[in-house]
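**Student:** First, the structure itself, so that you have it in front of you.
Taken together, the values in this text are just the output of simple stated rules run on the coordinates, not laboratory data. Small disclaimer: the values here were computed from a predicted structure and weren't measured. Please note: Cβ atoms are built from the backbone with ideal geometry, for glycine as well, and neighbour counts cover all protein chains shown.
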Amino acid sequence: MLDVRRLALLRELHVRGTIASVAAALHQSPSSVSQQLATLEREAGAPLLRKVGRRVQLTPQAELLVEHAAAILERLELAESELQTSLGEATGTVRLAIFQSAALALMPAMLETLRAEHPRLRVTISQREPESALLETYAREFDLVVAEQYPSHAAPWHPELDRVPLTGDAIRLAVAPDRTDITRLEDTTDLPWVAEPRGTASRHFAEQACRQAGFEPDIRFETADLQAHVALIRSGNAVALMPDLMWRGEAAPVRLVPLPGSPVRTVFTAARRSSSRRPSILAVRDALERAGRDRSASPG
């Protein structure tokens with residue numbers, strides 16, 4: 001009889017790629033993971049891993065077992081969801097991954113709603129970049145993710161995840177309050193920029209916008225902390241493209257300049273389809289949607 005927990009471990013290896021990554025995600029040692037996979041090989045009666053340099057690669061027999069493992073885990077999660085639904089109350093723990101500007105804008109109102117309406121529901125929140133958070137939700141590290149999608153930069157799709165629109169916010173050029181001379185993107189050609197790290201959707205969008213305007217942005221400051229962006233912009237040390245969700249309905253402490261085409265960032269939630277009907281997931285999504293609706297439009 002194949003052990004479900006070890007099958008789940010094989011699926012983790014399929015998703016994460018290396019034994020070290022699996023061990024880190026599951027808070028185990030690499031040797032423990034390797035031993036459990038070796039035991040699964042003996043149970044299966046077929047080789048499941050082969051060495052390729054310093055890495056391991058799944059055999060065709062392992063890939064076959066991964067498909068069945070995914071179906072088994074999905075069915076177990078669906079059974080848990082139906083059981084919770086039959087109880088009719090949002091309880092337990094929801095592990096939420098969220099990016100910074102959405103966390104600043106939506107978390108306080110969301111938590112206030114959940115505290116008042118679902119006092120037995122526990123929510124843990126981790127700040128994550130959307131692309132990695134989507135993968136980690138697919139890998140069952142999180143139950144729900146708040147992610148973003150910039151124009152012409154699609155967020156990754158994972159087959160077991162759904163996608164529900166949450167809100168949208170305009171992206172505009174942010175400059176120091178006294179820089180009334182800046183009226184279009186091209187006026188920032190010779191100015192220093194602040195941006196998120198390479199590989200992020202916001203960085204890609206900003207670079208492409210500047211290139212389409214005919215110049216390469218002089219990115220002197222790189223940080224994932226958008227509050228640091230605001231401090232640099234407000235003090236006149238940098239300019240940047242900023243999403244309106246950052247202002248959370250308050251007066252922006254910087255001057256905002258519209259961009260050509262009025263681009264909008266899409267914010268959405270994603271959960272595994274097998275757990276998306278759980279009362280706990282529905283409660284958190286409802287609280288997030290209400291927080292998004294209650295957020296007043298940002299001042300220009």
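**Student:** What's the magnitude of the charge dipole for region 4-84 around its Cα centre, counting Lys and Arg as +1 and Asp and Glu as -1 at the beta-carbon? Answer in Debye, nearest 20.
**Tutor:** Values: 10 positive and 9 negative charges, 115 e Å.
Around 560 debye, computed over region 4-84.
**Student:** Residue farthest toward the positive end of the dipole of region 177-263, with Cβ of Lys/Arg at +1 and Asp/Glu at -1: which of ALA251, LEU241, HIS229?
**Tutor:** Going by the Cα projections, it comes out as ALA251.
**Student:** Given charges of +1 on the Cβ of Lys and Arg and -1 on the Cβ of Asp and Glu, with all other atoms neutral, how large is the dipole of the chain about its Cα centre, in debye to the nearest 20?
**Tutor:** 560 debye
**Student:** On a 0 to 90 degree scale, rounded to 10, what angle separates helix 279-294 from the longest Cα axis of the chain?
**Tutor:** Roughly 0 degrees, rounded to the nearest 10.
**Student:** Looking only at the chain, where both bridge partners belong to it, what percent of the DSSP beta bridges are antiparallel (to the nearest 5)?
**Tutor:** Roughly 60 percent of the beta bridges in the chain run antiparallel, per DSSP.
**Student:** Under the classification rounded if a/c is under 1.5, otherwise prolate if a/b is larger than b/c and oblate if not, where does the chain fall, given a ≥ b ≥ c as square roots of the Cα gyration tensor eigenvalues?
**Tutor:** Judged from the Cα gyration tensor, the chain comes out oblate (a/c at least 1.5, b/c at or above a/b).
**Student:** Further question: Of LEU288, LEU106, LEU83, whose Cα points farthest to the positive end of the dipole of the chain (charges on the beta-carbon: +1 Lys, Arg; -1 Asp, Glu; origin at the Cα centre)?
**Tutor:** LEU83
**Student:** Report the longest stretch of the chain that contains none of the GluC sites (Glu not before Pro) sitting in a DSSP loop with at most 14 other Cβ atoms within 10 Å.
**Tutor:** Between exposed loop sites, the widest span is 90-249.
**Student:** Same structure again: Using Cα-only point scatterers and the Debye equation, what is log10 of I(q)/I(0) for region 208-300 at each q in 0.10, 0.11, 0.16, 0.22 Å⁻¹, rounded to two decimals?
**Tutor:** -0.41, -0.49, -0.86, -1.20
**Student:** Let me ask you something else. Counting other Cβ atoms within 10 Å, keep those with at most 11, restrict to DSSP loop, and tell me which trypsin sites (Lys or Arg not before Pro) in region 120-149 are left.
**Tutor:** Counting only loop positions with at most 11 other Cβ atoms within 10 Å, the trypsin sites (Lys or Arg not before Pro) in region 120-149 are ARG120.
**Student:** A further question on this structure: Roughly speaking, what is the centre-to-centre gap between region 2-43 and region 205-226 when only Cα atoms are used, to the nearest Å?
**Tutor:** Region 2-43 and region 205-226 have Cα centres separated by 41 Å.
**Student:** Please work out the Cα center distance from region 143-172 to region 241-294, rounded to the nearest Å.
**Tutor:** Value for the Cα centre distance between the two parts: 10 Å.
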